[in-house]
Each structure stands twice: as structure tokens, then as C-alpha cells.
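Notes for the one structure printed next.
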Amino acid sequence: MLSLSGGERYRRNSITGPDGRLTFGSLSPSEYFLRPMMKEYSFEPPSEMVRVAEGATVEVRIVGRRVAFSCFGLVTSPCGEPEPGVVVEAVSLCGETRCCNLQEEAVSERTGHFRVRGLLPQCTYEIRMKKGSQINEDFERLTPAGTNITILSGDVKGPRLVGFRHHRAHRTDVSLRIFTHDSSVLSDLRVSVVRQDGSEHLSEDSEDIADSSSRVM
């Protein structure tokens, strides 16, 4: 992305084309401030003041160099369904001074995939679920809780994380089918689902079972 500002309150942010070129047209004669922006890259020059005279065409050459990389990963449910909207963070481990106190984060997409950008080479990071107020409130944990990755000279195809939601965040159905040669006994049956500690239970009346010999609770 290139940001150009100046003139009479002129400001525009635009993306370069596949060939790396971009044209800002119909500029009034003035001085403009040009700055390239892209995470994981440094640029030379980092910014430049461009003077545009009337009727003139000015060409500026900027060279970008990649200085950081990304970790790609996936968040799914225990049954393999994608989990969107999960905030995942990469926190650096202090092996060297330059690697201390670094943190980057990303949010999983609709497909469950995420990309954490801006990870420095020769640094080790722990990939984990971010915790905090109003962050990942529907999730109890991710498994594994933390995965270490080391960035060398390229992107890392990272971990698959499994998200476990809080019990209050979903409902579970229990299907029960009773097989008997004597259907008359069904009228006398009563079924209860009880917690292991016996604290709460859900009961279904016997006449509901008698209708079809099965019941979903």
C-alpha cells in the first residue's frame, strides 16, 4: 500500500498492481508526502517528499525487503468443524534480547484458518489462545494449550488447534431407543438424565416414550 498526502487536503491510500506499479493521477502542482506501508516489510526510502510541477510526471522508485514472517494455522471444534472468530496470539520466548516482549495476534476466519503476521526471524514464539476481558468468551480452552514455533527465513505452516467451548455455550441431545417384545411395558417406564454428581436432572414422561419407543432429550 502507498499513502500519498499533500496539496489542498489531498489524501489517498492505494494498493500497487501485480507488477508493483501504481499511478496517482490528476495531481495539482504541490508537494506531496509519499509513504509505503506493508506489514513484514521495510522500505528504502521509508518515505519521500515529492514535488509535482504543473504538467510534470514524477517517477519514484521504492525497494521493499521482507523482514518478518507469518504463522499459518487452523482452529476447529473437537469434531473437526471450523471455528471462526477465535483470537490467537503469538508471544515470544526470550532467547535473545531482540526477541523479548514481542506479541502478535490474529482472528480465525470463517474457514477456521488464521495467519499471525509480523514474526521476527530467529525468534521462538508460543502460539496460544488469547485471554482477557470480552476475548474468546465462548471458549474454555484450546488444545494444545501452547505450541512453540521458531521462525527461520520463511513462513511457518503452523498448528491445528482444537477449541473447546464452555458447556453453557451449546446444547447436547441424547437419543434413547428401547427395544422390547412387549410394548405394554413402555407405559410404565420413566427416563431421567442425571448429572454424575446427582445435582440436576431432566425427566421425560413415559407416555412420550410409548408413542414411538424412542425419545430425544
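The values are calculated or read from the model by the stated rules, or taken from the named source; none is laboratory data. What you see is a predicted model, and the numbers here were worked out from it, not measured in a lab. Every residue, glycine as well, gets a Cβ built from its backbone with ideal geometry; the counts of neighbours run over all protein chains shown.
In table form, for the structure just shown:
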| quantity | calculated |
| --- | --- |
| Some residue of segment 130-143 being outside any strand (DSSP E or B) and surrounded by 16 or more Cβ atoms within 10 Å (Cβ to Cβ) | yes |
| Top-ranked residue of segment 55-108 - restricted to ones that are of a type in the set (Val, Ile, Thr) and not in a loop (DSSP other than H, G, I, E, B), ranked as farthest from Phe24 (Cα to Cα) | Thr76 |
| Residue satisfying all of: in segment 113-163; small (Gly, Ala, Ser) and within 24 Å of Met38 (Cα to Cα); nearest to the chain's Cα centre (by Cα) among these | Gly158 |
| Matching residues in segment 48-81 - criterion: being among the acidic types (Asp, Glu) and in the same structural domain as Pro36 (by TED's automatic domain parsing) | Glu48, Glu54, Glu59 |
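To keep it simple, each residue is scored yes or no on (1) modelled with pLDDT of 95 or more; (2) within 22 Å of Met1 (Cβ to Cβ); (3) surrounded by 13 or more Cβ atoms within 10 Å (Cβ to Cβ).
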| position | (1), (2), (3) |
| --- | --- |
| Phe69 | yes, yes, yes |
| Val75 | yes, no, yes |
| Pro78 | no, no, no |
| Glu83 | yes, no, yes |
| Val86 | yes, no, yes |
| Ala90 | yes, no, yes |
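To keep it simple, each residue is scored yes or no on (1) at pLDDT below 75; (2) surrounded by 12 or more Cβ atoms within 10 Å (Cβ to Cβ).
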| residue | (1), (2) |
| --- | --- |
| Phe114 | no, yes |
| Thr124 | no, yes |
| Thr147 | no, yes |
| Leu152 | no, no |
| Ala169 | yes, no |
| Val174 | yes, no |
| Thr180 | no, no |
| Ser206 | yes, yes |
